[in-house]
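Coordinate-derived values only; no laboratory data. Not measured: the values here are computed from a predicted model. Neighbour counts are summed over all protein chains in view; Cβ atoms, including those assigned to glycine, are modelled from backbone coordinates with ideal geometry.
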Amino acid sequence: MLHKILLLSFFLTLFNSSEDKGLKAYYYPIEKEKTVRVYKFIEKDNPDYAEYLKITIDPETNTVLTEEYLNNLWHFNSRLEKLNKTGIEIIQYKDFWRKSNGDTLTVEAKIIDKEAFRWDDKENVYEYSLNYTDPRKGPLNLEKSRILHSFKTITINNRTYKTAMFLDQYTEENSSYQSSGFYQHVYYAEGLGIVKYDTHKLKTSLEMELNEILTKEEFNKLLGKKLK
């Protein structure tokens, strides 16, 4: 619930937010021990629709595992990233598709460009790109570029956050499918990580805001209820 978010923000934020601070301060909290937190986002105009980001940070291996779940708790994507002195590089990317017989098809991508997050770059565009086979479209190239857009103060559920807002642009291409793309604004709050994202496609937009942060055990209970 909201009080969990407030407590996490209080204990993990050691300094006041500042535009002069490195962008690492706005990333997910990196602690001495392995942590698992599940960020639940709800659509601003439709609170019955939720999406989940399960974030596992392991300081021993210097990795961040992001697992994405849809409203029906379908696990559709995972990304494994490596922490280093300058930021984060993506080292593994997987999509999960549900077959007509109910089985899961796992598609792992080949990573080409790796940069996912730079700690101190506030001016330049950087990107990661990958190749994989989409079951619907065939061989596909996906590129995601990112640049810091601005620092913004936003309010979610009567809670004010000072955030770093990024502009992310996605482009998909292959030889038999016309190039397409969309963009996102992603808001990172100091000491918390992502608290909001809005996605803009050709005919649709989606605005998602942080509702609560679940423990691993709480999320597993949710998954268990779905399976019953």
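Think of each Lys and Arg Cβ as +1 and each Asp and Glu Cβ as -1; about the Cα centre, that makes the dipole of the chain roughly 560 debye. Checking the Cα-Cα distances for Lys32/Lys152; Lys162/Lys201; Lys54/Lys114; Lys94/Lys152; Lys82/Lys152 against a 23 Å cut-off, the pairs over it are Lys32/Lys152; Lys162/Lys201; Lys94/Lys152; Lys82/Lys152. Net charge dipole, region 112-225: roughly 360 debye, given to the nearest 20, about the Cα centre with Cβ charges of +1 for Lys and Arg and -1 for Asp and Glu.
For region 114-228, the square roots of the Cα gyration tensor eigenvalues, ordered a ≥ b ≥ c, give a/c of at least 1.5 with a/b no greater than b/c, which places it in the oblate category.
Using the Cβ-Cβ distance between Asn220 and Ser179 with R0 = 35 Å, the FRET efficiency computed as 1/(1 + (r/R0)^6) comes to roughly 0.30.
Note on region 30-124: with charges restricted to the Cβ of Lys and Arg (+1) and Asp and Glu (-1), its dipole about the Cα centre is near 200 debye.
Taking only alpha carbon atoms, the chain gives an Rg to Rh ratio of 0.95, where Rh is the Kirkwood radius. Distance from the Cα centroid of region 59-80 to that of region 130-180 is 16 Å (rounded to whole angstrom).
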